[in-house]
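Engineer: One structure follows; several queries about it will come next.
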Amino acid sequence: MKYEAVIGLEIHSQLLTNTKIFCGCSTRFGAAPNSQVCPVCLGLPGALPVLNGKAVEFAVEMGLAVECTINRESVFARKNYFYPDLPKGYQISQYDKPLAEHGTLQIETDDGRRNIGVTRIHMEEDAGKLIHGEGAEDGGHSFVDLNRACTPLIEIVSEPDMRTPEEAVAYLKGMRDIILYLGISDGNMEEGSFRCDANISIRPVGQTTLGTKAELKNMNSFKFIKDGLAYEIERQIDLIEGGGHVVQETRLFDSARGITLAMRGKEEAHDYRYFPEPDLKPLVITEELIERARKSLPELPVAKKERFIKEYEIPTYDAGVLISSRVLAEYYEAVVKATAEAKLSSNWVMGEVLRALKEDNREIGECPVSAHNLAELILMVKKGIISNTIAKEVFAEMYKTGGKAHEIVSKKGLSQISDESALVAVIDEVLSKNADSVERYKAGEQKLLGFFVGQVMKGTKGQANPGLVNKLLKERLKG
């Protein structure tokens, strides 16, 4: 019997506000434990929450970006559960009346494009963080850091529309790209500011009834999410085909072993005993706020990718790489504007620029070579002032020093040699030293032309005009 997976994702993304969602404490990451807390986020009696307006604006922007309906009135609720890093004994979240509902996100995989439904986006506060000791020096204790408690979150809940791990990763990347384009979160998965839980079940192909689901946690990279889902699909299939049944439970992904492990049973859904938060009024979203948020939306990744393909006539792959971040896309467009060379610019940005940044573990915003200076270098190649080989040498120097292309070329005397008499002298020397190869070329081994070109380029330290070298070589060999 053939099975299909049914996957739904719950994404939690911290919002890039300076202060927490219900108090004025800083949200800065990396501070000393429990140094960014107050009576509100510590849950002390009598402390009252005050909603952060900037967090609301960010949440509305995200809702509009994925085509959700923004509810004009939403309600905060208390989600009751008990855990050491939840000081109040409840989390302020939204339940039956969320901020936004019924959206969609287009994804693209090797199987084509699909629309994945977005069930809801709601606002809530984050919990604190447990730090588990492992050595004898701390006695095996666990410690509680409440700096993260009350940090503003949006939770994005998908419809169970995904069928493969590849689709789930594409959806997750798509959401993260939008969040980064909007500038509402740093999307850092390692630090936990962008994280994801997955609900997964299997069913026979053609069946509409959902199977029993397992919830996967502890997946903080795209690779782990893909690997964890792939393993869980096979585990559930093997279990059913072996005569067993899937238990509703929460499981952890052990990335070192590549397997999922039972964390806790979940035979029945948790009863969180939701009820409206008595200390917060219903959240009313005005038409003015929605319109302001709509006008602030940038061109989003999917639309930008389609425009790049159509306007610049670059391959789909190139466009996908170049729109992977808003800053990278803006850098590329600035280079194209200055050079009027879309594909050549794409090659340089995707090649030399991204390669150097990766080796240096830098982001595009930290690139020492500005878009303007890269464009100058590309134009020097286009005009025949330097060869492509020399240009790569010049780029390396630009990246190292922050210098300009024309200054480096002038200082090092790297201008391309286009003087025919000077090149003929070098060509004649190469041909005289390789008389046997000349005879073989004349006997029909035309591929030796590349050898001669290489020798001339070597003799001129890469400064010869390649097109002119080819022309002169053919003339000399023919003569």
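Values quoted throughout were computed directly from the atomic coordinates according to the rules given, and no laboratory measurement underlies them. Values in this document were obtained by computation on a predicted structure and should not be read as measured data. We place every Cβ from the backbone using ideal geometry, glycine too, and count neighbours over all the protein chains shown.
Engineer: What order, most packed first, do the peptides 95-104, 82-91 have when packing is the mean number of other Cβ atoms within 10 Å of each residue?
Structural biologist: With the highest mean Cβ count within 10 Å placed first, the list reads 95-104, 82-91.
Engineer: Report D for segment 174-258 in µm² per second (integer): Stokes-Einstein, Kirkwood Rh on Cα pairs, 25 °C, 0.890 mPa s.
Structural biologist: 170 µm²/s
Engineer: On to the next question. For segment 203-248 and segment 87-116, what is the separation of their Cα centres, given in Å?
Structural biologist: That distance is 20 Å.
Engineer: Give me the dipole magnitude in Debye, nearest 20, for segment 287-433 about the Cα centre, with unit charges on the beta carbon: positive for Lys and Arg, negative for Asp and Glu.
Structural biologist: On the way: 21 positive and 24 negative charges, 33 e Å.
That gives segment 287-433 a dipole magnitude of about 160 debye.
Engineer: Net charge near Gly462: determine it from the other residues with C-beta under 12 Å of the C-beta of Gly462, scoring Lys and Arg +1 and Asp and Glu -1.
Structural biologist: +3
Engineer: Let me ask you something else. If you take the C-alpha gyration tensor of segment 3-289, multiply each eigenvalue by 5 and take the square root, what semi-axes do you get, largest first, in whole Å? If you can, show how the numbers build up before the last one.
Structural biologist: Numbers: eigenvalues 193, 120, 64 Å².
They are 31, 25, 18 Å, listed from largest to smallest.
Engineer: Which of the lysines could a cross-linker span from Lys310 if the Cα-Cα distance has to be under 27 Å and same-chain partners fewer than 8 positions apart are dropped?
Structural biologist: Cα-Cα hits under 27 Å: Lys173, Lys295, Lys337, Lys343, Lys382, Lys383.
Engineer: So how strong a dipole does segment 154-283 carry about its Cα centre when Lys and Arg Cβ are +1 and Asp and Glu Cβ are -1, to the nearest 20 debye? If you can, show how the numbers build up before the last one.
Structural biologist: On the way: 16 positive and 23 negative charges, 21 e Å.
Charge dipole of segment 154-283: 100 debye, to the nearest 20.
Engineer: What number, in nm² with one decimal, is the all-direction average of the projected area of the convex hull of the alpha-carbon atoms of segment 308-412? Before the final figure, lay out each step's value.
Structural biologist: Working: hull surface 24.6 nm².
Convex hull of Cα atoms, orientation-averaged projection: 6.1 nm².
Engineer: Given labels modelled 7 Å from the Cα in the Cβ direction, how far is it in nm from Gln106 to Asn434?
Structural biologist: 5.1 nm
Engineer: Going by a ≥ b ≥ c, the root eigenvalues of the Cα gyration tensor, does segment 198-333 fall in the rounded group (a/c under 1.5), the prolate group (a/b larger than b/c) or the oblate group?
Structural biologist: oblate
Engineer: Separate question: Convex hull volume of the Cα atoms in the chain, per residue, in Å³?
Structural biologist: Values: hull volume 114.6 nm³, N = 479.
Cα convex hull per residue, to the nearest whole number: 239 Å³.
Engineer: What ranking do Tyr272, Tyr231 get, fewest neighbouring Cβ atoms within 10 angstrom at the top?
Structural biologist: Tyr272, Tyr231
Engineer: From largest to smallest, what semi-axes in whole angstrom does segment 420-478 give when each is the square root of 5 times an eigenvalue of its alpha carbon gyration tensor? Intermediate results must be reported in sequence, preceding the final value.
Structural biologist: Working: eigenvalues 62, 23, 21 Å².
Whole-Å semi-axes of the equivalent ellipsoid: 18, 11, 10.
Engineer: Under 18 Å Cα to Cα from Lys358, which lysines show up? Leave out anything in the same chain fewer than 8 places away.
Structural biologist: Lys392, Lys400
Engineer: Which whole number in µm²/s is D for segment 50-110 by Stokes-Einstein, with the Kirkwood Rh taken over Cα pairs at 25 °C and 0.890 mPa s?
Structural biologist: 179 µm²/s
Engineer: Stokes-Einstein diffusion coefficient for segment 370-474 at 37 °C in a medium of 0.692 mPa s, Rh from the Kirkwood formula over Cα pairs: what value in µm²/s?
Structural biologist: Approximately 223 µm²/s, per Stokes-Einstein.
Engineer: Positive end of the charge dipole of the chain (Lys, Arg +1 and Asp, Glu -1 on Cβ, about the Cα centre): tell me which of Ser74, Gly459, Thr151 has its Cα farthest that way.
Structural biologist: The listed residue farthest towards the positive side: Gly459.
Engineer: Which angle between 0 and 90 degrees, to the nearest 10, do you get for helix 53-65 versus the longest principal axis of the chain when only C-alpha atoms count?
Structural biologist: Result, in degrees: 60.
Engineer: Nearest 10 degrees is fine. How inclined is helix 287-296 to the longest principal axis of the chain, computing both from alpha carbons?
Structural biologist: Taking Cα atoms only, the helix is inclined about 20 degrees.
Engineer: Could you state the principal axis extents of the C-alpha atoms in segment 70-200, from the largest down, to the nearest angstrom?
Structural biologist: 54, 38, 29
Engineer: Moving on. Just to confirm the number: angle between the C-alpha axis of helix 165-182 and the first principal axis of the chain, 0 to 90 degrees, nearest 10?
Structural biologist: Compared with the principal axis, the helix lies near 90 degrees.
Engineer: Report the label-to-label distance for Thr250 and Arg362 in nanometres (one decimal), using points 7 Å from each Cα along the Cα→Cβ vector.
Structural biologist: The modelled label-to-label distance comes out at 4.2 nm.
Engineer: Related question: For a quick check: sort Met350, Met175 by the number of other beta carbons within 10 angstrom, fewest at the front.
Structural biologist: Met350, Met175
Engineer: Rounded to the nearest 500 deg cm²/dmol, what is the calculated helix-only ellipticity per residue at 222 nm for the chain, with -39500 (n - 2.57) per DSSP H run of length n ≥ 4?
Structural biologist: -12000 deg cm²/dmol
Engineer: Same structure, new question: For the chain, build the charge dipole from Cβ charges (+1 Lys, Arg; -1 Asp, Glu) around the Cα centre, then report which of Val409, Asn199, Leu280 sits farthest towards its positive end.
Structural biologist: Among Val409, Asn199, Leu280, the one farthest towards the positive end of the dipole of the chain is Val409.
Engineer: Give, to the nearest whole percent, the P(r) tail of segment 1-125 beyond 27 angstrom, counting all Cα pairs.
Structural biologist: On the way: 2504 of 7750 pairs.
Every Cα pair in segment 1-125 considered, those over 27 Å come to 32 percent.
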